[in-house]
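First the structure, in the form of structure tokens, and then the observations on it.
Nothing in this text is a laboratory measurement; each read-out follows from the coordinates by a stated rule. The structure presented is a predicted model; accordingly, all values stated were derived computationally and were not measured. With ideal geometry, Cβ positions are generated from the backbone for all residues, glycine too; neighbour counts draw on all protein chains shown.
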């Protein structure tokens, strides 16, 4: 049976599935080539004709495979005389966006996020001791100063909450453990989605005052080089925040009601 006869017998939807599987397999092989060749961000991949020869497939399959890798953030495709496929650095934002897609279909709530936060944030605080530079401390102090202004409207409260979370973002940026940093960044994004539920009332201001106190105590522990104290203060901080955010006897909506936007 020749290819034309075969094509006539195969249902169009089945042919599409076969084509997708072929491009996915080629994408895996290109990814393996990137790792085995030790390619770094901005390094060029072989030209399209070379990839066709390397992997023994059609031009359309190569293009689909590269497009798949581009969506994953591992490859950047450009056009023009100097265009082609280059290795890209997968950003934490894109990784977290893909994770949020997973949890859109496997919903998680604020209780589950804080179950994880109690484990990760104290270790984050301990891990950055000795790694914070003058610029980090200056940025941490600026977030605390910004928290002292009492918001007067919803926009002000939204900014206030954002600044509070930025304190933790600074610690994540200084974390020497990339896996711990990624986990904490994901949790932080989830907190960003839920922290607005505290509202814009006096309970919110009590929440803010508690945050300011814990943030100042954390800076003292960081400056003194006391990882044990930093870990304990962060755990107390997380437990305090959890007590403000929990709503007993209320149904908890899923955090990622819609996927995060990818970088």
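Where a ≥ b ≥ c are the square roots of the eigenvalues of the C-alpha gyration tensor, would you call segment 138-186 rounded, which needs a/c under 1.5, or, failing that, prolate if a/b is larger than b/c, or oblate? Oblate shape, in that a/c is at least 1.5 and b/c is the bigger or equal ratio. Approximating the spin labels as points 7 Å out from Cα along Cα→Cβ, the residue 246-to-residue 232 distance works out to 2.2 nm. Averaging over all projection directions, the Cα-based convex hull of segment 113-172 occupies 4.8 nm² in the image plane. Computed over the alpha carbons of segment 13-87, Rg followed by Dmax gives 12.1, 38 Å.
Semi-axes of the equivalent ellipsoid for segment 109-245, computed as √(5λ) from the eigenvalues of its C-alpha gyration tensor and ordered from largest down, come to 23, 17, 13 Å.
What is segment 44-124 by shape, rounded, prolate or oblate, if you read a ≥ b ≥ c off the alpha carbon gyration tensor as root eigenvalues and call it rounded for a/c under 1.5, prolate for a/b larger than b/c, and oblate otherwise? Note, shape of segment 44-124 comes out prolate.
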